[in-house]
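The values are calculated or read from the model by the stated rules, or taken from the named source; none is laboratory data. Only a predicted model underlies this, so the values are computations on that prediction, with no experimental measurement involved. Backbone-built Cβ (ideal geometry, glycine too); neighbour counts: all protein chains shown. What goes into the accessible areas is simple: the full protein's heavy atoms, side chains included, and nothing from ligands, DNA or RNA. Shrake-Rupley method; radii C 1.70, N 1.55, O 1.52, S 1.80 Å.
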Amino acid sequence: AVHLVAPLILREGDALFNAMVCHAPDGTRPFVYRKRHPWIPEEWATPGAEPLPVVAIADRMVTIAICYDLHFLPRESADQLAAADVLLFPSAWVEQPDFRIPRLQRLAHTFQLTVANANWGEGDVVVPGQGNSCVVAPDGSITRIAGRRIDIEL
């Protein structure tokens, strides 16, 4: 009964995409999302051309965006965000100071959706920006961050 969403580098012809694929319990793929806005150092990545997918998973409408896409979402994807209940948001955030969480809070509040952000964790290489994965409620409050419950006002 689990939907699994995982990253991959997707080759289609001569194009390479930073992508996320969703696998449903029955083996189907509800979506494959190709990142629309590769980050500047991602020179290898082809920008995705399709809008954010919006798919039904259980009783929720779910969409997805990847990392640098965040800077463009309110302007380019308002219709998809308004139709969604949940935004899946994987990231490898490096901005210092880290304004990712306040941006996600504003997005959640503006579009009345839950944001599930999986930010990269520390590994053998430790760089600024790792950690602090979070869940943001539709009112902009953070309900989970890096495994602990906290209360932050929007």
*Just give me the residues in segment 59-78 being touching a residue at least 12 places away in the same chain (Cβ under 8 Å) and open to solvent by 30 Å² or more (accessible area, probe 1.4 Å), in sequence order.*
Arg60, Met61, Tyr68, His71, Phe72, Pro74, Glu76, Ala78
*Restricting segment 79-114 to residues that are crowded, with 18+ Cβ neighbours inside 10 Å and small (Gly, Ala, Ser), the residue that is farthest from Leu8 (Cα to Cα)*: Ala108
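Tell me, please, whether a residue that is assigned to a helix (DSSP H, G or I), of a type outside the set (S, T, N, Q) and either under 25 Å from Thr46 (Cα atoms) or without any contact (Cβ under 8 Å) to a residue 12 or more places away in the chain (or both) can be found in segment 134-148. Talk me through it step by step, then tell me what you get.
In the first step, residues of segment 134-148 are kept if they are assigned to a helix (DSSP H, G or I); the result is none.
Taking every residue of segment 134-148 in turn, none turns out to be assigned to a helix (DSSP H, G or I), of a type outside the set (S, T, N, Q) and either under 25 Å from Thr46 (Cα atoms) or without any contact (Cβ under 8 Å) to a residue 12 or more places away in the chain (or both).
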*For segment 96-128, which residues satisfy the criterion of being within 16 Å of His71 (Cβ to Cβ) and in a loop (DSSP other than H, G, I, E, B)?*
Gln96, Pro97, Asp98, Phe99
*Report, by residue number, each residue of segment 12-50 that is open to solvent by 70 Å² or more (accessible area, probe 1.4 Å), modelled with pLDDT of 95 or more and either aliphatic (A, V, I, L, M) or in contact with a helix residue (DSSP H, G or I) (Cβ under 8 Å, 6 or more places away or on another chain) (or both).*
Ala49
